[in-house]
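Right, one structure below, let's go through it.
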Amino acid sequence: MAKRFSTEWGGTLRSYIVTKSNLKFILILNLCLWLCPNSFSQISSQQQQNAGSKENFSYSLTSQYGVQTSGSATANMVLDNRALLIIAPNSTITNKIGGSDGKSSVNFDSTSTGANLNINGLTGQNNWIIQQAEFSSTLKTADNLTSDQQKMNQLGNGSALGVHTTTLNIEKSNSSFQTVFNQSF
């Protein structure tokens, strides 16, 4: 006994004839597929994680020599500040990190209420010879004042000086990092 089936696929009408032998083949094929062991798909996942921290501590010692002038005056005053400082060529300015043994140490303790610092092995040896120095600060009444400016109080101050500054700069920083890499297939 044969049965005819029609199907439409892709716009084309096709007819199939199913016979007993074809039907047996289809049933055996389905039975085999049903009795075959299950197959499983594999999923693989990989994760890589890195973490770390970095602490930096640095310190430096610098010396500077120079001049500084400052002043202020009312509109009816003239201020003239002058400063000149020439250091002789054979002067020495030496800052050294490392004591006589070449070593230095820093102990920095930080707490919630403050910090303590203990440094050993920093030396500064400054032998600067002044070749020429001139410092002056002059205040005087301005010329050609208006009548209102003549009635004003005359106020002013000025200074000119040589300056030597030694600076110890300390920097401490903490940083942390974390990287994560995921891969699935």
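The values are calculated or read from the model by the stated rules, or taken from the named source; none is laboratory data. Just so we're clear, the structure is a prediction, and the values are computed from it rather than from any experiment. Just the protein is used for accessible areas: all its heavy atoms, side chains included, with ligands, DNA and RNA removed. Shrake-Rupley method; radii C 1.70, N 1.55, O 1.52, S 1.80 Å.
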What is the percent carbon and sulfur in the accessible area of region 61-185, measuring with a 1.4 Å probe over the protein chains and ignoring ligands? 45
So, for region 68-181, what is the accessible surface per residue at a probe of 1.4 Å, expressed in square angstrom? 73
Output for region 36-137 (equivalent-ellipsoid semi-axes, sqrt of 5λ from the C-alpha gyration tensor, Å, descending) is 62, 26, 16
When N is the residue count of region 96-174, what does its C-alpha Rg come to as a fraction of 2.2 N^0.38 Å? 2.14
Taking θ = phi - 60°, what integer Hz values does the Karplus form 6.51 cos²θ - 1.76 cosθ + 1.60 yield along region 113-123, in sequence order, with x for Gly and Pro? 9, x, 8, 10, 9, 10, 10, 10, x, 9, 10
